[in-house]
Amino acid sequence: MDEEQQRPDPGRPGPLAGFTVGVTAARRADELGALLQRRGAAVLHAPALRIVPLADDGELLAATKEIIDQAPDVAVATTAIGFRGWIEAADGWGFGEQLLDRLRHVELLARGPKVKGAVRAAGLTEQWSPTSESMAEVLDRLLEEGVEGRRIAVQLHGEPLPGFVESLRAAGAEVLPVPVYRWMPPEDLGPVDRLLDAVVSRSVDAVTFTSAPAAASLLSRAGKRGLHDDLLAALHHDVVPACVGPVTALPLQALGVDTIQPERFRLGPLVQLLCQELPSRARALPVAGHRVEIRGHAVLVDGALRPVPPAGMSLLRALARRPGWVVARAELLRALPGAGRDEHAVETAMARLRTALGAPKLIQTVVKRGYRLALDPAADAKYADV
């Protein structure tokens, strides 16, 4: 998918029409982007990570040989793609059958139904799988069984799982990490930098995260560019951080950033949650006999999507902060990005805004004073103190 913004079809606005969503995923990014676009969103794709090819990872080869040479007591499979990739890599090295034979004779635990499916597709059978898909539940089971003196192989999923591994070691287990695939920064940082700039400038309405390493990578890049505090400020107040699950959210929550997460840790429910969250944050006003809903980069006028240039959106938001009140040209000029001191820039941007809205009477010119949203009389009292 191109990392540039892809605009929705204005014909039939979906629930995310007028909103821009950043996608940090490296894996399944096309699927997530398609789900968002199908619901009307503009997508800014910026993979925050890249995955090292399995066959090139010497640590995985070493761990595989160690397991073949000395079978563990327990093996924990944490992700379906990681487990499948491990078996495929072992096949490529000529050790596939030996690895499977070892795993047939150990206590094999699978985190969740997808992992269980990958285990069974390899001709193996798991001894147990948690209903919650939680690594915490896997850890609790192992600790309840007792792990002192036991050898446990843990298939990592892109990050070290420090709490999990350290808890096992503290309880007396010998832990063999199996780094099935490795997250690294993207080779091309341009898309990530464009996403960071968009978040800091509030040009995106939400950012999605499907892995904890992606969140950590974006935070790291922001720090290197001197944007760490600006990024956190945006995520705290204006840009919605949407995570596929609690593990993914950990790097953000460690910094006090509240995230939204679906009840089911899947891409579909993540998109559905955004379909509820973003429209609920949009400002809707009764103006000149029309219903005007102000979204990220567009406006819904009586349900019809009206894309608006960035300068026009800046003016509209300034007017909407005090609906029905006159806003002076000088104040509107300050709201325009990079407008300088010439108030004529306000008149030019206002003319384009009215054209984009398709209903010129929504915004009234008040001679020698400025402009105002033509708020319907019945709504004046409601918005008088806004």
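The values are calculated or read from the model by the stated rules, or taken from the named source; none is laboratory data. Remember, it's a predicted structure, so these values are computed and weren't measured experimentally. Positions of Cβ are backbone-derived with ideal geometry, glycine not excepted, and every protein chain shown enters the neighbour counts. Remember, those area values only see protein heavy atoms, side chains included, never the ligands or the DNA or RNA. Shrake-Rupley method; radii C 1.70, N 1.55, O 1.52, S 1.80 Å.
The GNM of the chain, with springs linking C-alpha atoms under 10 angstrom apart, assigns the highest mean-square fluctuation among L36, L99, L49 to L99.
Over the chain, DSSP H runs of length four or greater, each weighted -39,500 (n - 2.57), average out per residue to a 222 nm ellipticity of -13000 deg cm²/dmol.
Treating r as the C-beta distance of R264 and H344 and R0 as 51 Å, the FRET efficiency rounds to 0.45. When the square roots of the Cα gyration tensor eigenvalues are ordered a ≥ b ≥ c, the ratio a/c for segment 218-290 is 1.5 or more and a/b does not exceed b/c, which makes its shape oblate.
In order along segment 23-35, the phi-based Karplus estimate (6.51 cos²θ - 1.76 cosθ + 1.60, θ = phi - 60°) of 3J(HN,Hα) comes to 10, 9, 5, 9, 9, 6, 5, 4, 5, 5, x, 5, 4 Hz; Gly and Pro are listed as x.
On a per residue basis, the chain carries 46 Å² of accessible surface, using protein heavy atoms and a 1.4 Å probe. Can you give the net charge of the other residues whose Cβ lies under 13 Å from the Cβ of T125, counting K and R as +1 and D and E as -1? Taking every Cβ under 13 Å from that of T125, the sum is +1.
Length gained on full extension, E166 to Q272, computed as 0.36 nm times the residue gap minus the Cα-Cα distance: 34.6 nm.
Distance from the C-alpha centroid of segment 184-234 to that of segment 297-350: 27 Å, rounded to the whole angstrom.
For the residues S217, S132, a 1.4 Å probe over the protein chains yields an accessible-area ranking, largest first, of S132, S217. Overall, the accessible surface of segment 184-334 at a probe of 1.4 angstrom is composed of carbon and sulfur to the extent of 52 percent.
Applying 1/(1 + (r/R0)^6) with R0 = 30 Å to the Cβ-Cβ distance of Q98 and Q127 gives a FRET efficiency near 0.90.
Per-residue extension of 0.36 nm, minus the Cα-Cα distance of A233 and D91, leaves a gain of 46.4 nm for this segment.
Relative contact order, whole percent, for the chain stands at 15, derived from Cα pairs under 8 Å and 6 or more residues apart. Among rounded, prolate and oblate, which fits segment 10-166 when a ≥ b ≥ c are the square roots of the eigenvalues of its C-alpha gyration tensor, a/c under 1.5 means rounded, and a/b larger than b/c means prolate? It is prolate, given that a/c is not under 1.5 and a/b is the larger ratio. Spin-label model, E187 to K65: label points 7 Å out along the Cα-to-beta-carbon direction sit 2.8 nm apart.
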